[in-house]
Amino acid sequence: MPNGGFCKLPGGSVVVAIGLPSPAGDGATVRFLVHAANRARALTRLRNLGLRAVYLRGNSEPPTPDEVTAVLHHPDGLLWRTTVHELWHPVRSLPKAPAA
């Protein structure tokens with residue numbers, strides 16, 4: 001089950017942070033940050049990227065204040081990174097699964 005969580009912002013929108021297996025299939029875990037009107041829309045944005053089995057159960061790892069700031073200051077409102085020491089990347093730079 002993916003680990004993650006969310007936080008509700010004063011304006012009513014939410015920031016969802018969720019760790020999922022890398023779409024590149026290299027065994028790494030990728031942490032995604034999504035800013036949306038509500039949790040359902042945030043998860044739908046991830047599903048529309050091809051990450052079909054995205055569910056958020058519980059709030060075990062909500063986004064940190066630094067993560068919230070990062071996603072709010074990005075025009076797309078959707079970021080990812082693989083490790084804690086790596087910078088955030090826009091979703092369009094996400095590696096794709098290798099073609100079979």
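The values are calculated or read from the model by the stated rules, or taken from the named source; none is laboratory data. Worth saying up front: this structure is predicted, and the values here are computed from it rather than measured. We place every Cβ from the backbone using ideal geometry, glycine too, and count neighbours over all the protein chains shown. Note: accessible area is taken over every heavy atom of the protein model, side chains too, but ligands, DNA and RNA are not part of it. Shrake-Rupley method; radii C 1.70, N 1.55, O 1.52, S 1.80 Å.
Can you give the calculated 222 nm mean residue ellipticity of the chain, where each DSSP H run of n ≥ 4 adds -39,500 (n - 2.57) and the sum is split over every residue, rounded to the nearest 500 deg cm²/dmol?
-4500 deg cm²/dmol
Taking a point 7 Å out from the Cα of residue 57 in the direction of its Cβ, the residues of region 1-45 whose backbone N falls within less than 18 Å of it are 1-6, 17-21, 40, 43-44.
Stretching residue 22 away from residue 74 to a fully extended chain increases their span by 16.6 nm, per 0.36 nm per residue minus the current alpha-carbon distance. Rolling a 1.4 Å probe over the protein heavy atoms of the chain, with every protein chain left in place, gives an accessible area that is 58 percent carbon and sulfur. Calculated from the alpha-carbon coordinates, the chain shows an Rg and a Dmax of 12.7, 45 Å respectively. Loop-resident chymotrypsin sites (Phe, Trp or Tyr not before Pro) (DSSP state other than H, G, I, E or B) in region 1-67 with no more than 16 further Cβ atoms inside 10 Å of their Cβ: 55.
For the chain, what is the accessible area per residue in Å² when the probe is 1.4 Å?
59
Residues in region 40-45 carry Karplus couplings, in order, of 4, 5, 4, 5, 5, 4 Hz; the curve used is 6.51 cos²θ - 1.76 cosθ + 1.60 with θ = phi - 60°, and Gly or Pro positions show x.
Place a +1 charge on the Cβ of each Lys and Arg in region 1-83 and a -1 charge on the Cβ of each Asp and Glu, then give the dipole magnitude about the Cα centre in debye, rounded to the nearest 20.
Dipole of region 1-83, to the nearest 20 debye: 340 debye.
Each residue, residue 83 and residue 64, gets one label point 7 Å from its Cα in the Cβ direction; the gap between the two is 1.5 nm.
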